[in-house]
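Report on the following structure.
The values are calculated or read from the model by the stated rules, or taken from the named source; none is laboratory data. Values in this document were obtained by computation on a predicted structure and should not be read as measured data. Note that each Cβ is placed from the backbone with ideal geometry, even for glycine, and that neighbours are counted across all protein chains shown. Keep in mind that these areas ignore ligands, DNA and RNA; they rest on the heavy atoms of the full protein, side chains included. Shrake-Rupley method; radii C 1.70, N 1.55, O 1.52, S 1.80 Å.
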Amino acid sequence: MAHVTDLLWHDPACDPLDRVSPSALNVLLGCPKRLAFQRAPETRHWRRHSPRTALGSVAHKLTELVSTGKAPAPPERKEWLEIRWTELVHKEHDDLRQEWPNRTVPDPKDWPGYVATRVRLIRRLADLPAPKDKTAGHSTTGEGSGERPFPWVERQLEDVPRRLFGTPDRVEERDGRLRVLDLKSGVHQAGISHEQRRQLLIYAHLVQHTCHRLPDDAVIQDVKGHEDSVTVVPEEMGAVVAEANDAIDVFNAMVEATTISAQPDPQVCMWCPFRAVCPEYWTNRTDQWPRLDVRGVVAERVGADGVRLDLTTPVGGTSTFRVLLTGGVEAAVGDELVVLDLEPAGPGAGRMRWDSRLRAGSEG
């Protein structure tokens, strides 16, 4: 069957990096091309929020309100938190519906981890003591800012010469020790991953650069208040800073050469939203990789909400695949499709979730 509309595959074109945040650094070190897709105007829209990131945003905002003294004292605080939670979740739900037009975004109560995150977070925040200094919260680093008292809450820090910036959730002094703390809202947070350790060490460096004092501890805190911490070692922190600057130089050289390398790997690619536009992903993936993703040409319509694809790469030993489309999604016979994150629906078949990404025809 002749293709009516083939997909276009372009290398992402983006500006060089003049600085990098810890989260962008983790992306860069995992796969430079993913960061380029994230920065390129024609592909950045494939990175969209999800219920998981929405819950994380709500958790951070509520924690900041309590940490900066904008919440009432206990016992009135619990009811206040319940009201703010509902308002913030409603706002995130509206934002998701805007980012996913023509899709049916689930009610927040049906989001994975919704109940656990809400209960654990409000229980922890409801009884926290009121901050002693309500003026030490959110602000942008400026001249003399290192003299402001701790805690610093959601405060952006920057080291211009070393091309680093970031916003640690909290910098505080406890029992004479300076702590850099990052809140993780995922219900399955356990321990400190390699990427989280790198993020914390960048934050520690930015704190030292700002107030000329080396943090003692780098801490991950989950929504229940459980903490995992590591002692900040200057040599390890310095190595991470050097690694960041080397990575920036390498990335900028690739941008200048208009050839940005990909690093396809089952774990690196598993959560990447740019699988839809990355040819290296489709060249390297096998049936053993996580996620049920397919690429092929629509051969025919099947029923009211399905299509049969002639696959570009066989899946499970078959060269054809039936895709059950979610509401609001259309596909024409002859179109080349990429469909990500399908749910298995029997042999040689998959069903789109509400947030499965679909790329059709000449879409970028």
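Taken over segment 1-29, the residue count meeting the criterion of being surrounded by fewer than 16 Cβ atoms within 10 Å (Cβ to Cβ) and β-branched (Val, Ile, Thr) is 1.
Conditions tested, residue by residue: (1) without any contact (Cβ under 8 Å) to a residue 24 or more places away in the chain; (2) surrounded by 20 or more Cβ atoms within 10 Å (Cβ to Cβ); (3) within 17 Å of residue 122 (Cα to Cα).
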residue: 36; (1), (2), (3): no, yes, no
residue: 45; (1), (2), (3): yes, no, no
residue: 64; (1), (2), (3): no, no, yes
residue: 67; (1), (2), (3): no, yes, yes
residue: 71; (1), (2), (3): no, yes, yes
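Summed over segment 318-341, residues that are of a type in the set (Asp, Glu) and open to solvent by 50 Å² or more (accessible area, probe 1.4 Å) total 1. Residue count for segment 317-334 satisfying the condition of being of a type in the set (S, T, N, Q) and either on the phi > 0 side of the Ramachandran plot or part of a loop (DSSP other than H, G, I, E, B) (or both): 1. Residue 154 satisfies every condition listed in (1) in contact (Cβ under 8 Å) with a residue 24 or more places away in the chain; (2) open to solvent by less than 30 Å² (accessible area, probe 1.4 Å) except (2). Of all the criteria given as (1) within 17 Å of residue 120 (Cα to Cα); (2) out of contact with any Pro (no Cβ under 9 Å at 6 or more places or on another chain); (3) open to solvent by less than 20 Å² (accessible area, probe 1.4 Å), the one not satisfied by residue 32 is (1).
If you filter segment 241-294 down to residues that are of a type in the set (D, E, K, R) and outside any loop (DSSP other than H, G, I, E, B), you find that the one that is surrounded by the most Cβ atoms within 10 Å (Cβ to Cβ) is 275.
Residue 300 falls short on exactly one of the conditions (1) farther than 30 Å from residue 40 by Cβ; (2) among the charged types (D, E, K, R); (3) open to solvent by less than 70 Å² (accessible area, probe 1.4 Å), and that condition is (3). Pairing residues of segment 249-268 that are touching a residue at least 24 places away in the same chain (Cβ under 8 Å) and of a type in the set (Gly, Ala, Ser) with residues that are open to solvent by 60 Å² or more (accessible area, probe 1.4 Å) and part of a helix (DSSP H, G or I), at Cβ distances under 6 Å and at least 6 apart in sequence or on separate chains, gives no pairs at all.
Consider segment 73-89 and keep the residues that are charged (D, E, K, R), over 20 Å from residue 52 (Cα atoms) and not in a loop (DSSP other than H, G, I, E, B). The one that is least open to solvent (accessible area, probe 1.4 Å) is 77. Of the strands (runs of 3 or more DSSP E) lying entirely inside segment 169-235, those carrying at least 1 residues that are more than 25 Å from the chain's Cα centre (by Cα) and without any contact (Cβ under 8 Å) to a residue 60 or more places away in the chain are 170-174, 177-183, 227-231.
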